[in-house]
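Right, one structure below, let's go through it.
The values are calculated or read from the model by the stated rules, or taken from the named source; none is laboratory data. Fair warning: this is a prediction, and the values are worked out from it, not measured in the lab. Reconstructed Cβ throughout: ideal geometry from the backbone, glycine too, with neighbour counts over all protein chains shown.
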Amino acid sequence: MLAGCLAFSRMAPADVALFEWNGGALPGEQPFAPEVEDGDLGEKKELVFSAGKPAVLDAPFDAAEHSALTVLFYLNPDRIDTSEDLVGYMWDESPNGFRVRNAWGKLTFEAGDGTQNRYVTTETHEALLRPHAWQHVAVVFDHGKVSFYLGGQLVQTQEMDVKSIVTSPDKRLRIGAAPNGEPTNYCFRGRMAFIQVIPETLTLEKVQAHMKSAGP
């Protein structure tokens with residue numbers, strides 16, 4: 001599979017990524033591109049979103065309706081006591097798209113079907129994410145059922161009213177900041193690696209396989 005951004009038709013087969021970054025060249029022009037560095041996550045390249053300058057990765061994305069979607073990535077945040085967009089395709093107040101966020105150390109997933117957008121958050125007493133440590137994150141959307149995985153283990157499953165995710169060609173996938181506005185809007189600070197968005201529901205075994213193939 002080629003590194004960078006991959007866009008496919010509505011009939012994309014299973015296991016074909018709508019987007020993948022696995023250490024290759026960044027797709028297209030990136031005026032606020034994060035740094036790409038060697039790091040300590042195995043042999044993988046890392047995207048560095050530093051506090052010294054705004055950084056965001058924008059990429060084209062397939063326009064389609066998805067009843068199943070999985071978002072996977074490795075995350076090493078500088079801090080968790082904040083609200084940050086991690087991987088998203090949804091403008092504020094927009095009824096379509098999706099996004100994964102850090103909400104003060106908890107994971108939030110928001111989705112829209114073209115008429116409404118809803119979100120679910122991991123309801124844990126303590127923060128899930130840890131600063132200055134690599135963590136594997138997977139969010140699986142299956143006809144309105146959202147499963148959160150951290151470190152290859154199921155953390156929580158919740159139901160939401162939205163049963164499908166509608167994306168449109170006039171927006172772009174954004175990594176490291178809110179999909180709308182400047183890169184300083186809800187921007188992420190830290191490192192990310194091996195990012196995939198897949199148009200299917202991954203099983204626990206496949207989530208763990210992704211974690212092992214990408215991790216140290």
Sole exception among (1) surrounded by fewer than 22 Cβ atoms within 10 Å (Cβ to Cβ); (2) modelled with pLDDT under 90 for T201, by number: (2)
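Yes/no matrix, rows are residues, columns are (1) of a type in the set (A, V, I, L, M); (2) surrounded by 15 or more Cβ atoms within 10 Å (Cβ to Cβ); (3) within 16 Å of Y186 (Cα to Cα):
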position	(1), (2), (3)
L26	yes, yes, no
E37	no, no, no
A55	yes, yes, yes
N76	no, yes, no
I80	yes, yes, yes
Y89	no, yes, yes
A111	yes, yes, no
T124	no, no, no
In the stretch 100-135, the residues that are touching a Lys or Arg at 6+ places or on another chain (Cβ under 6 Å) and within 17 Å of G176 (Cβ to Cβ): T108, E110, P131
Residue list for the stretch 117-145, restricted to those being aliphatic (A, V, I, L, M) and either farther than 25 Å from E20 by Cβ or over 14 Å from the mean Cα position of the chain (by Cα) (or both): V120, A127, L128, L129, A133
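With the stretch 33-148 as the region, which strands (runs of 3 or more DSSP E) entirely inside it contain at least 2 residues that are in contact (Cβ under 8 Å) with a residue 60 or more places away in the chain? Working first, answer last.
Details: elements: 35-38, 45-49, 57-59, 68-77, 83-88, 96-103, 106-113, 117-121, 135-142.
Where strands (runs of 3 or more DSSP E) fall fully within the stretch 33-148 and carry at least 2 residues being in contact (Cβ under 8 Å) with a residue 60 or more places away in the chain, they are 45-49, 57-59, 68-77, 83-88, 96-103, 135-142.
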Residue list for the stretch 160-184, restricted to those being modelled with pLDDT under 70, under 17 Å from the mean Cα position of the chain (by Cα), farther than 20 Å from E35 by Cβ and surrounded by fewer than 23 Cβ atoms within 10 Å (Cβ to Cβ): N180
Scope the stretch 75-100; condition under 20 Å from W21 (Cα atoms) and at pLDDT below 85; matching residues: Y89, M90
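For residues that are among the aliphatic types (A, V, I, L, M) and touching a Phe, Trp or Tyr at 6+ places or on another chain (Cβ under 7 Å), scanning just the stretch 48-74, find the one that is farthest from H143 (Cα to Cα).
If we take residues in the stretch 48-74 being among the aliphatic types (A, V, I, L, M) and touching a Phe, Trp or Tyr at 6+ places or on another chain (Cβ under 7 Å), then A55 is farthest from H143 (Cα to Cα).
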Test for G152: is it touching a helix residue (DSSP H, G or I) at 6+ places or on another chain (Cβ under 6 Å), surrounded by fewer than 20 Cβ atoms within 10 Å (Cβ to Cβ) and touching a residue at least 40 places away in the same chain (Cβ under 8 Å): yes
Selection count, the stretch 115-145, where residues are among the hydrophobic types (A, V, I, L, M, F, W, C) and under 17 Å from Y89 (Cα atoms): 5
Residues of the stretch 41-67 that turn out to be at pLDDT below 70 and more than 29 Å from P95 (Cβ to Cβ), as a count: 5
